[in-house]
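One structure is given below, encoded as structure tokens.
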Amino acid sequence: MNLSTRDEKILYSLDKLGYATTSQLRIIHSLGSPRNAQRIMKRLAPYVHSRKIDEYVFYLSKKGRELVGSDIKRKATMQLQHAIMRSQAYINFNYPKLWLMEFPIKVNDEVFCIPDVTFAYDTNSARCFVEIDCHQHMRNNYKKMDKYQELNVIANGKLPSVVWITRTAYRKERLLRGLKNRDLETKNVYSLDDLR
């Protein structure tokens with residue numbers, strides 16, 4: 001099967017993002033109508049796996065990984081909703097050039113924390129961290145906030161921006177409260193409704 005440039009770009013996007021829904025791929029690659037997007041993804045079936053949640057979620061198959069030169073094997077796990085939210089952040093932050101998932105932040109050559117995403121628009125722009133709150137206990141978010149508060153002290157108050165994305169307005173309020181209690185930046189906290 002001959003793949004078009006657009007087909008290959010879709011596969012490279014799936015490698016970069018890990019997982020993406022039909023509607024996310026429609027936005028990223030201007031695939032037109034839902035029906036057209038479904039037709040394109042059906043044609044790419046040998047290169048992708050899919051799983052239906054509210055809509056189809058795609059990720060690379062072995063053949064797709066071989067084509068793009070990826071060695072990261074992905075599965076349909078309980079973390080799919082988390083991954084979909086992460087891909088939505090990629091769209092909402094205007095497709096940053098640098099998009100590193102779970103890239104460890106080191107202090108004195110030791111892993112200090114691991115943001116869900118580290119991103120930047122180019123090599124010269126400041127990096128931002130993204131934390132996705134999907135189904136975890138709020139106390140785990142507070143522990144992450146404590147780490148960022150400590151990292152801010154280590155960085156002499158020059159901590160990169162940390163973006164928090166959560167599912168509901170209620171959870172957003174709890175995140176805002178936790179950040180305020182730690183004197184951390186609160187302007188980058190979003191619920192999914194804020195991102196739509």
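The values are calculated or read from the model by the stated rules, or taken from the named source; none is laboratory data. This is a predicted model, so every value here is computed, not measured. Cβ placement follows ideal geometry from the backbone for every residue including glycine, while neighbour counts extend to all protein chains displayed.
Any chance you could count how many residues in the range 1-43 are surrounded by 13 or more Cβ atoms within 10 Å (Cβ to Cβ) and assigned to a loop (DSSP other than H, G, I, E, B)?
Here the count works out to 4.
Determine if the range 135-149 includes at least one residue that is hydroxyl-bearing (Ser, Thr, Tyr), outside the structural domain of Leu11 (by TED's automatic domain parsing) and surrounded by fewer than 13 Cβ atoms within 10 Å (Cβ to Cβ).
no
With the checklist (1) at pLDDT below 95; (2) over 16 Å from the mean Cα position of the chain (by Cα); (3) part of a helix (DSSP H, G or I) in hand, flag the one item Asp71 doesn't pass.
Among (1) at pLDDT below 95; (2) over 16 Å from the mean Cα position of the chain (by Cα); (3) part of a helix (DSSP H, G or I), Asp71 violates only (3).
Residue by residue through the range 95-108, note down the ones that are in contact (Cβ under 8 Å) with a residue 12 or more places away in the chain and in a loop (DSSP other than H, G, I, E, B).
Tyr95, Pro96, Lys97, Glu102, Phe103
Does at least one position in the range 53-69 carry a residue that is of a type outside the set (Val, Ile, Thr), closer than 23 Å to Thr118 by Cβ and free of Cβ contacts under 8 Å to residues at least 12 places away in the same chain?
Checking the range 53-69: at least one residue is of a type outside the set (Val, Ile, Thr), closer than 23 Å to Thr118 by Cβ and free of Cβ contacts under 8 Å to residues at least 12 places away in the same chain.
Taking the range 109-125 on its own, how many of its residues are closer than 15 Å to Asn94 by Cα, outside any strand (DSSP E or B) and not acidic (Asp, Glu)?
2
Which members of the range 145-191 meet the condition of being of a type in the set (Gly, Ala, Ser) and either in a loop (DSSP other than H, G, I, E, B) or touching a Leu at 6+ places or on another chain (Cβ under 6 Å) (or both)?
Within the range 145-191, Ala155, Gly157, Ser161 qualify.
Name every residue in the range 171-196 that is over 15 Å from Gln88 (Cβ atoms) and of a type in the set (Gly, Ala, Ser), in order of residue number.
Gly178
Going by the structure shown, is Arg171 of a type outside the set (Val, Ile, Thr), surrounded by 15 or more Cβ atoms within 10 Å (Cβ to Cβ) and touching a residue at least 60 places away in the same chain (Cβ under 8 Å)?
So Arg171 fails the test.
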